[in-house]
């Protein structure tokens, strides 16, 4: 494996990676993403992906990512000074390893549909966490509205920890139209839900719908759902955040299906 050193912001590869780090439009048009850290790169390789470029910061112990780099047979391997590397990293304390990688399109997951439907989730960390939850609960897919954050941004990928590589995604969806075509139970999670989530049978096709962190679900999506459901809470707070509510609902469906 030969590593090449990049020391200038004028280098065309650095410029390309910087655009991937900063621009959702660039990621969308190129269908490429920037993976941050060894864990994400390992998850990408395990899912069958092969990165185009692997970048190591100069201060990172070169022997540490060696096994991962060896799995990236067709990639270009680069080393950058720490200051330059930090300009690409999505976090304050860079991991020391980045990879330029094409989006993966996971195959359809067989079985009874269990879909996470997300409306206008704008925080990248929350979005990534929701996708991670969906993948862990055995969801067969996730549907994201046009107002959601880009699921392939560096921070959303970091939050997802590999979920985007294994969970089929439909993005920029018109949710009322999608829900009208869904042949199953579409359940809008709401504070004033008319039905108790735990009293519902969730073993058939189910779509669990969660809204924006602050505004909740729009009236159009509420109207398109087949039912509004709430999560009973006996504690001294009135609500859960969106990611926690989705976790409860998806794992309740998973529990029922295992039973």
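Applying a threshold of 7 Å to beta carbon distances and a minimum spacing of six or more residues, or different chains, the list of pairs starting in segment 181-207 at a residue that is more than 16 Å from residue 256 (Cβ to Cβ) and ending at one that is part of a helix (DSSP H, G or I) and at pLDDT 95 or above reads 186/179; 188/221; 189/249. Considering segment 85-110 alone, what residues qualify as being buried (at least 19 other Cβ atoms within 10 Å of the Cβ) and assigned to a helix (DSSP H, G or I)? Residues satisfying the conditions are 85, 88.
When segment 181-196 is examined, which residues are found to be assigned to a loop (DSSP other than H, G, I, E, B), surrounded by 18 or more Cβ atoms within 10 Å (Cβ to Cβ) and at pLDDT 95 or above?
182, the sole residue that qualifies.
Screening segment 1-10 for residues that are surrounded by fewer than 16 Cβ atoms within 10 Å (Cβ to Cβ) and in contact with a strand residue (DSSP E or B) (Cβ under 9 Å, 6 or more places away or on another chain) and picking the one that is farthest from residue 72 (Cα to Cα) gives 7. So is residue 158 surrounded by fewer than 23 Cβ atoms within 10 Å (Cβ to Cβ), touching a strand residue (DSSP E or B) at 6+ places or on another chain (Cβ under 6 Å) and in a helix (DSSP H, G or I) or not? So residue 158 passes the test.
Just so you know, in segment 242-256 the residues that are touching a residue at least 60 places away in the same chain (Cβ under 8 Å) and surrounded by fewer than 18 Cβ atoms within 10 Å (Cβ to Cβ) include one that is nearest to residue 120 (Cα to Cα), and it is 251. Quick check: is even one residue across segment 153-161 free of Cβ contacts under 8 Å to residues at least 60 places away in the same chain and not assigned by TED's automatic domain parsing to the domain that holds residue 230? Within segment 153-161 (the criterion being free of Cβ contacts under 8 Å to residues at least 60 places away in the same chain and not assigned by TED's automatic domain parsing to the domain that holds residue 230), the answer is no, since none of the residues qualifies. Note on segment 213-229: residues that are in contact (Cβ under 8 Å) with a residue 40 or more places away in the chain and surrounded by fewer than 18 Cβ atoms within 10 Å (Cβ to Cβ) amount to 8. For segment 1-17, the set of residues classified as in a helix (DSSP H, G or I) and within 21 Å of residue 49 (Cα to Cα) consists of 13, 16, 17, listed by residue number. Being assigned to a helix (DSSP H, G or I) and either at positive phi or touching a strand residue (DSSP E or B) at 6+ places or on another chain (Cβ under 9 Å) (or both) is true of residue 21. Within segment 58-77, the residues that satisfy the criterion of being touching a helix residue (DSSP H, G or I) at 6+ places or on another chain (Cβ under 7 Å) and either outside the structural domain of residue 21 (by TED's automatic domain parsing) or not in a loop (DSSP other than H, G, I, E, B) (or both) are 68, 71, 77.
The values are calculated or read from the model by the stated rules, or taken from the named source; none is laboratory data. Just so it is clear, the model here is predicted, and its values are computed rather than measured. For neighbour counting, all protein chains shown are included, and Cβ atoms are generated from backbone atoms with ideal geometry for every residue, glycine included.
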